[in-house]
Each structure stands twice: as C-alpha cells, then as structure tokens.
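The values are calculated or read from the model by the stated rules, or taken from the named source; none is laboratory data. All values reported here derive from a predicted model rather than from experimental measurement. Here the Cβ positions follow ideal geometry from the backbone for every residue, glycine too, while neighbour counts run over all protein chains shown.
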Amino acid sequence: MYPEPVRAVARNSLSRGASVSEVSRALGVARSTVRDWRDRRADVRSPSTCARCFGASPWPAPDYAALLGFYLGDGCLSTHDNKVVLRVTCDAKHPAIVGDVSLLMARFARDRSVFHVQAPGCIVVQCGWKHWLCLFPQHGPGRKHERRIELEDWQSEIVDTHPAEFLRGLFHSDGCRLINTVRRAAAGGVKIYSYPRWQFSNRSEDILGLCSTTLDRLGVSWRRSSKVHISVSRRDGVAALDEAIGLKA
Ligand SMILES: [Zn+2]
C-alpha cells in the first residue's frame, strides 16, 4: 500500500495527461498499480490538515526538514488574491529531485494538486495552500537574501534532529556536485587527479550560515570558498555528504 501523497502525485500527473508508463517510471511504482489508481479516480482524498494549526500525529519531521531546505534553497512563497503558492524551481535534468519535491509538497498539502510548470531548462513544482505560511514563517516582502532569515525554535529543533534531510533540500536545490581536475607535475610526466566536491551557492548570509552549522552538526568539514559559496572538498566530507543526501538525479 503506497502512502496517499504518492497516489496523489500519480493522480495529478495522470490528470495532466501523463501516461501510465511515465508515471510508473517517475515514481517507481508498477504500471498495473498506476493503472489501478487511474481507474479508481473517485478515491476520496483525505483533507489537508496543517500540522501547525491543528497538530499532526506523527509530525512528518524528516520530510519537513527536507522541504524547508528546498524552500530556503530555490523556493519561494507568493501571496496574491488571498492565494498562497509555494514554488520550488528544479533543474529539468534531475527528474528524481522533481519527484522528491512533488512528494514532499503532497505530503503536507494532501488534498491540493501539485503542478509542474515547464520553464526553459527548469521545472517549477508548485502547490497552492494557505497553510504554507504557517510552515514557512520566513516569508516576507522582497527576496530572501534581502531580508533576515531566522528559524523559529520549533524549526531549529527539527533541523537539528534531521540535519541530513535539511541538507538534502539545500544541496539538491542550490547546490551541485562537481568534479575538479588538477594536473600536477610528477616523475615521468604530468599526472591528472580528479576529485569530487560539493558546492552550495546562496546569496543570503543567513542561509549560508544555516548550511554551515548543519554541516558542522553532521561532522562534515567545509570551507567558505567565496562570498556566496560553501564548499565541501575533503574526501571524507564528500563521502559523508554523498551518503547523507544522495547524488543529484
Ligand atoms: Zn496552518
């Protein structure tokens, strides 16, 4: 039995014209199961309940930590005409991340549709739900790097408890894993060394600070490689981060 958010994402994709095979591939669910969900569209979806307003048991803290990371990375909240929309811009080259963000949104806004909007090179995952404001009180006028971003105590507690999930959201949105190639003179000629490193880019000093303190919490060494970059390049740190957050796919 798949959790409701997975079924909700499948139904939303099907209703927007995706084929059973496409949905099956994207979510890793058997085609027969997806077909079954398609043919029983009348499923009544359980209503969304805001964990902040009404409490939720259990509070999906690991998922919240990840979605908070995505929001602080490449996400934004917009409020217009009494509507609140959460958008996270994902690279179209990483369909698994698009799926991850879609499931995370659906996990919270259970009876709301999660949409994918195509943009050049990107897929914007978006979902309208007024309680995003309760979940992300950092919303405010202007861009994130132009205002103070401070976590509330309940958010800090979740990030401290689930640092890997929070870093997954940050690095899978505003980060990249690069391969550095270095040529060094050696006996008998020039040797070429390649080594991977993770890099997080953000213009908000506060968000960079949240990234670095969370890396500390996970015991991953990092350095500030520029005004807007944090790099993890020591081999053990890269391996630890690979293990904690997974590669971008
Ligand atoms: Zn609420």
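List of remarks:
- Residues of the range 226-239 satisfying the condition of being part of a strand (DSSP E or B) and either under 16 Å from Ile179 (Cβ atoms) or touching a Pro at 6+ places or on another chain (Cβ under 8 Å) (or both): Ser231, Val232
- Filter result (under 21 Å from Phe108 (Cα atoms) and either modelled with pLDDT of 65 or more or within 13 Å of the ligand (Cβ to nearest atom) (or both)) within the range 30-46: Trp37
- Selection status of Ala26, modelled with pLDDT under 80, assigned to a helix (DSSP H, G or I) and closer than 16 Å to Val101 by Cα: no
- Annotation: of all residues in the range 144-177 being more than 21 Å from Val101 (Cα to Cα) and basic (Lys, Arg), the one that is surrounded by the most Cβ atoms within 10 Å (Cβ to Cβ) is Arg147.
- Leading residue by the ranking (farthest from the ligand (Cβ to nearest atom)) among those in the range 106-128 that are buried (at least 21 other Cβ atoms within 10 Å of the Cβ) and within 21 Å of Asp81 (Cα to Cα): Val125
- Meeting the requirement of 1 or more residues that are in the same structural domain as Ala240 (by TED's automatic domain parsing) and aliphatic (A, V, I, L, M), the helices (runs of 4 or more DSSP H) wholly within the range 87-199 are 163-174.
- Taken over the range 194-226, the residue count meeting the criterion of being under 16 Å from Asp160 (Cβ atoms) and in contact with a helix residue (DSSP H, G or I) (Cβ under 6 Å, 6 or more places away or on another chain) is 5.
- Test: residue in the range 93-107 that is modelled with pLDDT of 85 or more, more than 30 Å from His229 (Cβ to Cβ) and touching an Asp or Glu at 6+ places or on another chain (Cβ under 7 Å): yes
- Residue in the range 82-89 that is within 16 Å of the ligand (Cβ to nearest atom), modelled with pLDDT under 95 and loosely packed, with under 15 Cβ neighbours inside 10 Å present: yes
- Listed conditions (1) surrounded by fewer than 19 Cβ atoms within 10 Å (Cβ to Cβ); (2) farther than 18 Å from Ala66 by Cβ; (3) in contact (Cβ under 8 Å) with a residue 24 or more places away in the chain are all met by Arg217, apart from (2).
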